[in-house]
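A quick write-up on the structure given underneath.
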Amino acid sequence: MASNKDRILEAAMDLFHDHGFQGTGLEDILSSSGVCKSNFYYHFKSKEELGLKVIERKVQEMRQSVMEPSLGNSQLSPKQRVLALFERMLTFCEEHECRKGCFFGNLALELSDSSEELRKPLSRFFSELEAEVESCLKEGRRKGELSLQGLAPVELATPIVSLLQGGILLTKAHKDSRALRESIKVLTVCMG
């Protein structure tokens, strides 16, 4: 059985993804987790502290369920690894009827101007993702698999993450995965 702290974290993670950080009240978290207010404050000083812990946990989940099996999968070629990242996110979007979007992207849009404390770990996550993509591109270029259209891996890593985030955002906005599917086509051309 999950501890009260884990139940709070899991409930908050789902609620923040579905309704945003600011759109989720403490009562929503308590109701969803089945934990009382005093127990919440035993584990977390504030909702913002909970937000930090939720982001940390979600980063770990993202590494394990998306980044390691795609970008970190040495059984795949570098090009296949980057494509696998997009395919995994496409599968996630379609499994959720194109309604959730990216947990990190959603929170970054919502919180970057209102909470520096929560913006920083979101920025670090995206920097980590960019570095992983860049590493795949460097390896692909070194092995002669990727031309990168004449660009350096460092010049293409951030635009690739932007392409992924934009595709996910439009998939959520349109409730249709076409934008992310077309992003995969553009990605293939960009990597060469």
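The values are calculated or read from the model by the stated rules, or taken from the named source; none is laboratory data. Note that the structure is predicted; figures quoted are calculated from it, not measured. For neighbour counting, all protein chains shown are included, and Cβ atoms are generated from backbone atoms with ideal geometry for every residue, glycine included. Surface areas here come from the heavy atoms of the whole protein model, side chains and all, with no ligands, DNA or RNA. Shrake-Rupley method; radii C 1.70, N 1.55, O 1.52, S 1.80 Å.
A few comments on the model shown:
- Seen from all directions on average, the stretch 1-45 presents a Cα convex hull projection of 2.9 nm².
- The convex hull around the C-alpha trace of the stretch 91-161, projected and averaged over every direction, spans 6.0 square nanometres.
- Carbon + sulfur, % of accessible area of the chain - ligands and nucleic acids excluded, 1.4 Å: 50 percent
- The translational diffusion coefficient of the stretch 10-82, from Stokes-Einstein at 10 °C and 1.306 mPa s with a Kirkwood hydrodynamic radius over alpha carbon pairs, comes to 114 µm²/s.
- Pairs of lysines in the stretch 62-192 whose Cα atoms sit within less than 23 Å of one another amount to 11, provided the residues are eight or more positions apart or on different chains.
- Counting only residues at least eight positions apart within a chain, or on another chain, the lysines with an alpha carbon under 16 Å from that of K45 are K5, K37, K53.
- In the chain, helical runs assigned H by DSSP with n ≥ 4 each contribute -39500 (n - 2.57); averaged across all residues and rounded to the nearest 500, the mean residue ellipticity at 222 nm is -23500 deg cm²/dmol.
- Each residue, L109 and Q60, gets one label point 7 Å from its Cα in the Cβ direction; the gap between the two is 2.8 nm.
- Span per principal axis, largest first, for the Cα atoms of the stretch 126-173 (Å): 38, 21, 14
- Calculated P(r) tail over 22 Å for the stretch 1-142, as whole % of Cα pairs: 45 percent
- Mean Cα-pair separation over length for the stretch 1-83, i.e. relative contact order, pairs under 8 Å, 6 or more apart, %: 27 percent
- Column: log10 I(q)/I(0), Debye, Cα scatterers of the stretch 73-192, q = 0.11, 0.16, 0.23 Å⁻¹: -0.38, -0.78, -1.28
- Peptide packing for 47-57, 138-148 was compared via the average number of neighbouring C-beta atoms within 10 Å per residue; ordered from the highest value, the list is 47-57, 138-148.
- Shape call, the stretch 48-127: gyration tensor on alpha carbons, a/c limit 1.5: prolate
- Screening the chain for whole DSSP H helices of 27 Å or more along their axis (Cα) with average Kyte-Doolittle hydropathy at least -0.5 returns 153-174.
- Rounded Å value of the spacing that divides the Cα centres of the stretch 128-155 and the stretch 1-50: 40 Å
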